[in-house]
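Asker: The structure follows.
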Amino acid sequence: QVQPQHTLAYTLRETLGLIGTKVSCDRGACGSCTVLMDGKAVLSCTTLTVECEGRQITTIEGLRDRETGKLDPLQQAFIDYTAFQCGFCTPGMIMSAKALLNENPSPTETEVKDGLSGNFCRCISPYQVLKAVMATSQKAR
């Protein structure tokens with residue numbers, strides 16, 4: 001049962017057990033809770049679950065190929081380019097990058113930086129993340 005006050009982050013984590021979506025600031029300032037709603041990035045900690053009726057929600061768990069189990073190329077690039085450290089913010093970064101690549105399969109570095117500007121990480125240099133996203137965009141060409 002979903003209560004009217006439940007956020008999408010709460011429903012995903014506590015009701016559905018999809019714990020890949022992280023909650024950090026719980027105020028929409030860090031990007032850790034980013035998921036896709038109809039292919040666009042949304043902050044699940046500030047989105048009410050009731051607002052999601054009839055919408056397609058994709059979490060980090062949903063990027064893996066359902067038939068083969070193979071990781072999404074963006075997820076693989078984060079591994080290949082060591083674009084994570086503790087991993088807490090990584091799902092939100094990947095989902096923001098996925099939304100960007102959905103809209104623009106060949107972004108410039110500046111567009112990637114702008115697309116990820118709402119995601120904060122204290123562990124790693126943003127250069128590995130930038131390299132991973134750019135490598136994925138080049139594979140899409």
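Asker: Can you show me the helix-derived [θ] at 222 nm for the chain, built from DSSP H runs with n ≥ 4 at -39,500 (n - 2.57) apiece and divided by the number of residues, rounded to the nearest 500. Please list the in-between numbers first.
Answerer: Working: 4 runs with 43 residues, N = 141.
The helix-only estimate for the chain comes to -9000 deg cm²/dmol at 222 nm.
Asker: A further question follows. If you take the beta carbon distance between L48 and I19 as r and set R0 to 25 Å, what does 1/(1 + (r/R0)^6) give as a FRET efficiency, to the nearest 0.05? It would help to have the intermediate numbers written out before the result.
Answerer: Details: r = 20 Å, r/R0 = 0.79.
The formula returns an efficiency of 0.80 here.
Asker: Please give me the summed charge of the neighbours of L18: other residues whose Cβ is under 15 Å from its Cβ, Lys and Arg +1, Asp and Glu -1. Let's see the in-between values first.
Answerer: Working: positive: R13, K22, R64, R66; negative: E14, E61.
Residues close to L18 contribute a combined charge of +2.
Asker: Right, here's the next one. Take the alpha carbon atoms of the range 43-132, find their radius of gyration, then divide it by 2.2 N^0.38 Å using N residues; give the quotient. Let's see the in-between values first.
Answerer: Working: Rg = 13.7 Å, N = 90, 2.2 N^0.38 = 12.2 Å.
Rounded to two decimals, the normalised Rg is 1.12.
Asker: The range 1-70 to the range 103-126: how many Å between their Cα centroids?
Answerer: Measuring centre to centre over Cα atoms gives 20 Å.
Asker: Write down the accessible area per residue of the chain in Å², having rolled a 1.4 Å probe over the full set of protein chains.
Answerer: 58
The values are calculated or read from the model by the stated rules, or taken from the named source; none is laboratory data. Predicted model only: the values in this text are computed from it and were never measured. Cβ sites come from the backbone with ideal geometry, for glycine too, and all protein chains shown count toward neighbours. SASA here: full protein model, heavy atoms, side chains in, ligands and nucleic acids out. Shrake-Rupley method; radii C 1.70, N 1.55, O 1.52, S 1.80 Å.
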